[in-house]
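Here is the structure we will look at.
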Amino acid sequence: KKINNFAHVIIIKIMKKFKTLQLIFLMTFVSIMASAKHYTVVISLDGCRWDYTEWYNTPFFDTMAKEGVSSGLIPSYPSKTFPNHYTIATGLYPDNHGIIANEFFDPKTGLLFSLGDAKTKTDPQFYGGEPIWNTAYRQGKRISVFYWPGSDVKVNGRYPDSFFYYDKQPRLTFSQRIEGIVHAMSLPENKRPDLVMAYFEQPDASGHDFGPQSKHTRKAVEQVDSLMESLYSKLCQLPYSADINFIVLSDHGMAWVPQGNNIPISKYLKPEWIRKISGSIPCNIYAQKGCEQKVYNALKNLDHVQVWNRKDIPHYLHFGSNERVGDIVVNPEIGYMVTDVPTRACGSHGFDPELLEMHAIFRAIGPDFRHSSIPHFRNVNIYSLLCRLLKIEPATNDGDINEIKAILKE
Ligand code: AMP
Ligand code: ZN
Ligand code: ZN
């Protein structure tokens, strides 16, 4: 009986010890999980060409490259602002999300979408796919968005948790956006966004007005570099700064368009052939039924442009399966615009994404990124990257995380 009692005590002691061990395991696991919570801040600098950092003085972007990831983004066609920001948000090519240009005609409804028209621009029917802020919400994450194209639209019946109307004036200044981002990231943990996305209009505006190689664009690039430096240093002062991933990217590059490099097309077309003509890089032509071939034949031999029937657009551009794409697409050679109005010298974009002039900046730094430099990659991959960083399941998209796994730790 005594021996029995002794064994009993030993067994209880072992079990107690085991429980303590279990508890220690559990606590370690919980603390690892807790410290594994990371945040991500993504900044888009409109029209920030990837090689501006080689021409201009950008110490912060250089530091990001030295300590984090350096690459470039290949935009989706057409290399314009709205299609590409919404591609970055959804991981879908413009053909598949429906914002196929900054301005386009929708033959189904007869509506003209334009980023300058608040009514069509905020009409959810134009926006297909699932933006990252909706994917994240479905999976219990919080997102705060500052002016990202598409974020002030009720896509699938929902706005992001926090966002701003682009058309509401006055818009937040660049400094107010920085303060807003820092404020959001300083909120208590139960209110803090898992992801912040913010849009800045420069250096696109200067690039258009003065061209990519100009002292004004130099100034704009150097200003956004120091703006990002000030944002990053403010984020670095937060007690959990080591858990913040910081990404700087852009939608497209910028090319020089010399004075008078416009291709007039109206003079070759009979008004009765045409429903609508929209855009200049590229130009989408919506023909009257049965007149498609007449339009094509009238333009096909023009210099400095490629002219495609919608179904014959080269596959690598992933453009033309959407019926919002013109029946005929006129794609200008780099440095030209399809318009009747004689152009003044300026900068512009919208050209073939394979052209290096159209590639955009990509830099990333933070706990999930490996110090690396990889070849330029397709911007449809950013959605998958953000889903990976947020630890959420992506919706169907055109990207492939494997193409960029070299930039991630794991
Ligand atoms: P792009 O013509 O492709 O260079 O487009 C750049 C323009 O898009 C800039 O002039 C911005 O003012 C404009 N833009 C950016 N975000 C929005 C938005 N959410 N709504 C309307 N316009 C925008
Ligand atoms: Zn842009
Ligand atoms: Zn632009």
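Observations, loosely collected:
- Pairs beyond 32 Å (Cα-Cα), from LYS168/LYS409; LYS37/LYS154; LYS37/LYS80; LYS80/LYS108; LYS219/LYS300; LYS37/LYS168: LYS168/LYS409; LYS37/LYS80; LYS219/LYS300; LYS37/LYS168
- Portion, in percent, of the accessible area of the range 161-307 that falls on carbon or sulfur, probe 1.4 Å: 50 percent
- Contact order relative to length of the range 144-276, as percent, for alpha carbon pairs under 8 angstrom and 6 or more apart: 20 percent
- Eligible aspartates and glutamates near LYS121 by straight Cα distance, threshold 19 Å, same-chain separation 8 or greater: ASP46, ASP95, GLU103, ASP106, GLU130, ASP152, ASP167, GLU201, ASP251, GLU323
- If you plug the beta carbon distance of ILE374 and LYS270 into 1/(1 + (r/R0)^6) with R0 = 51 Å, you get a FRET efficiency near 0.55.
- Three-way shape label, the range 281-357, alpha-carbon gyration tensor, a/c 1.5: oblate
- Per residue, the average separation of C-alpha pairs within less than 8 Å and at least 6 apart gives the range 309-365 a relative contact order of 24 percent.
- For the residues THR81, THR135, THR40, a GNM of the chain with alpha-carbon springs under 10 Å puts the largest fluctuation on THR135.
- The longest stretch of the chain left intact once loop-based trypsin sites (Lys or Arg not before Pro) with at most 16 other Cβ atoms within 10 Å are removed from consideration, loops following DSSP, is 192-288.
- Multiplying the residue separation of ILE401 and GLU189 by 0.36 nm and subtracting their alpha-carbon distance yields 73.5 nm.
- GLU130 - accessible surface, heavy atoms, 1.4 Å probe, Å² rounded to 10: 40 Å²
- Average Cα contact separation per residue, the chain, under 8 Å, 6 or more apart, as relative contact order %: 29 percent
- Inter-centroid distance (Cα atoms) of the range 78-132 relative to the range 192-232, Å: 23 Å
- Extended-chain gain in nm, criterion 0.36 nm per residue less alpha-carbon gap, GLU67 and ASP209: 47.8 nm
- Å² of accessible area per residue within the chain, as computed with a 1.4 Å probe and no ligands counted: 46 Å²
- Packing rank of 51-58, 68-75, where each peptide gets the mean count of other beta carbons within 10 Å, highest leading: 68-75, 51-58
- At R0 = 30 Å, FRET efficiency that the Cβ-Cβ distance of THR109 and GLU393 yields, to 0.05: 0.40
- The length gained on full extension between SER175 and GLU333, counted as 0.36 nm times the residue separation minus their Cα-Cα distance, comes to 53.1 nm.
- Reachable aspartates and glutamates, given that their alpha-carbon falls under 16 Å from the alpha-carbon of LYS66 and they are not under 8 places away in the same chain: ASP51, GLU54, ASP225, GLU229, ASP368
The values are calculated or read from the model by the stated rules, or taken from the named source; none is laboratory data. Remember, predicted model here, so these are calculated numbers, not experimental data. Don't worry about glycine lacking a Cβ; one is built from the backbone with ideal geometry, like all the others, and counts go over all protein chains shown. Protein only, heavy atoms only, side chains kept; ligands, DNA and RNA dropped before computing areas. Shrake-Rupley method; radii C 1.70, N 1.55, O 1.52, S 1.80 Å.
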